[in-house]
Structure formats: structure tokens, C-alpha cells
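For reference, the structure is listed below as C-alpha cells.
The values are calculated or read from the model by the stated rules, or taken from the named source; none is laboratory data. These numbers come from a predicted model, not from an experiment. Quick reminder, even Gly has a Cβ in these numbers, built from the backbone with ideal geometry, and neighbours come from all protein chains shown. When the accessible area is computed, the model is the full protein with side chains, heavy atoms only, and any ligands, DNA or RNA have been set aside. Shrake-Rupley method; radii C 1.70, N 1.55, O 1.52, S 1.80 Å.
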Amino acid sequence: MRFALNIDHIATLRNARGETLPDPVAAALLAEQAGIDGIVVHLREDRRHINERDVRLLRELITTKLDLEMAATDEIIKIACDVGPELATIVPEKRLELTTEGGINVIDNISHLKDTIHILHKHDIEVSLFIEPEIEQIDASTEINSDFIEIHTGAFANALSEEEQIDELEKIRLAARHAKKLGLGVNAGHGLNYQNMKIFRDLTDIDEVSIGHAVLARAVLTGLDKAVKDMFSIISGK
Ligand code: PXP
């Protein structure tokens, strides 16, 4: 299981003072030194954290891979095609949400998403769709030539009892299995942390996890290098 770090909230902290520090680009380079497999950023319509300068500098400087989380809007698609991340992860986006609240409904947006994937593919950008662990959403994702799915792990992360958590984990396991059989790459993320990763790591069909908040929250206290390495040791069970 690979581990990609979402660095949006380094930019949230920077923007809180309207100044230049901490710089998410510096954080990305440090995370790479700590062994991270990829850098994830979400360029939101309202630019509340990551901005265009960050994305362009990251593209120039990082040596792992860039996963650009984005809404499928004309403005952001144009930027993505210009910047050329290795992967574009399409997410639904609401202005008032604190964080991405759920997966995209591929079935309801099939024609627009198909066109979006076509455009991104023309620019040699692979595409991932952030979806709930539901078979119909996975089938629809393959139908429109998505390369990856990213399974929304929010319900698992927010489960209130152990029983509910096991149920949600099982849904993710079955969804990941199904997606793999269809030839999709399978990523997962949202709310994964140092506790729930101890059971999540058993899901062998998940290629990569995308984690932000838990790792950056720990990094504030222990340093980014240690926070990244601590998560790696849980993922690998060592
Ligand atoms: N994957 C997607 C699509 C997300 O929107 C987010 C949140 O930015 C994450 C993963 C990471 O979630 P968290 O910050 O809770 O680890």
C-alpha cells in the first residue's frame, strides 16, 4: 500500500496570516525526503488553501508524483491540462463545506465526467474518481474510462462503534476487490489516521492511501519527517 500526503492544510496555516510561511512546497520536499510516495493537493474554486502558484511550483520541484484533486469545472480543467499532474482526482466541491463531504455521483454526472476524462487523457493525465464504495459507481467509472477510483473512507473513519467500523471496512474491501477485477487502480482516503490504519492496512486491494489531516496534525507537534515515518510504520505493520 503506497502512501500519498495531502498538504492542503500547510497552505491553510500559511493563509491564516496572509503571509508566506509555512510553505506547502517546502513541506512537499521534506515529505519526499521522509519517503512519501506522492503529493496530493486540492485546488479549490475559492483557493482557500492551495493556490495556482503552489501547484505550478510543485509540478516543477517534486520528484515523486502529483495528484491534483479538483472539481470538474472548466476553469480547473484548463489549469490541470496546463500544469500536467500525473493524476487528476475528480471530487465534488461545495463552497460551504469544511472538507470534501462525500464521493461524486458518477451515474448522475456520467456525460460531463466522460468528457472531462477525455480532455484530461488527451493531455496524458490519468484520472481517478472519488466515489463511495458502491458497485454501481465503480461500474460507471469503468464505463467512462477512468483509470483509478479513490474510495471515500469517511463512513469507515467516522463509525461510532466497532461493529459499524467493521461493516464499513467490509464494504470498502468488496468495492476494492470489484474495482481491481475491472482493472481499475484503487486509491482510498478521507479520515484515515494512526488508529484506524491498524485495521485498514489489511485491505490488500488498495494501491494507495491519501492522507492529510491526521499526519499534518501530528507533524505540528512532532515534525513532518517523524509524522510521515510513523504512518509508514503503521501501514507496513512494522
Ligand atoms: N481524499 C480526498 C478526495 C479528500 O478530499 C481528502 C480531504 O482533503 C483526503 C483524501 C484526505 O482526507 P484527510 O485530510 O481526512 O486525511
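What are the pairs, 6+ residues apart or on separate chains, where a residue within the range 198-223 that is part of a strand (DSSP E or B) has its Cβ under 8 Å from a residue that is among the charged types (D, E, K, R)?
208/2; 208/37; 209/2; 210/67; 210/150
Would a scan of the range 40-57 turn up a residue that is at pLDDT 95 or above, away from the ligand (no atom under 16 Å from the Cβ), over 24 Å from residue 144 (Cβ atoms) and within 16 Å of the chain's Cα centre (by Cα)?
no
Residue 75 - would you say it is touching a residue at least 24 places away in the same chain (Cβ under 8 Å), within 14 Å of the ligand (Cβ to nearest atom) and either out of contact with any Asp or Glu (no Cβ under 7 Å at 6 or more places or on another chain) or open to solvent by 20 Å² or more (accessible area, probe 1.4 Å) (or both)?
When the stated conditions are applied, residue 75 does not pass them.
Considering only residues that are more than 8 Å from the ligand (Cβ to nearest atom), touching a Phe, Trp or Tyr at 6+ places or on another chain (Cβ under 8 Å) and farther than 17 Å from residue 87 by Cα, which ones fall in the range 172-221?
Within the range 172-221, 172, 196, 200, 218 qualify.
So in the range 1-39, with the set limited to residues that are within 16 Å of the ligand (Cβ to nearest atom) and part of a loop (DSSP other than H, G, I, E, B), which one is surrounded by the most Cβ atoms within 10 Å (Cβ to Cβ)?
Looking at residues that are within 16 Å of the ligand (Cβ to nearest atom) and part of a loop (DSSP other than H, G, I, E, B), I get 7.
Name the one entry in 168, 150, 143, 126 that is buried (at least 24 other Cβ atoms within 10 Å of the Cβ) and either within 16 Å of the ligand (Cβ to nearest atom) or under 27 Å from residue 82 (Cα atoms) (or both).
Going through 168, 150, 143, 126 in turn, just one is buried (at least 24 other Cβ atoms within 10 Å of the Cβ) and either within 16 Å of the ligand (Cβ to nearest atom) or under 27 Å from residue 82 (Cα atoms) (or both): 150.
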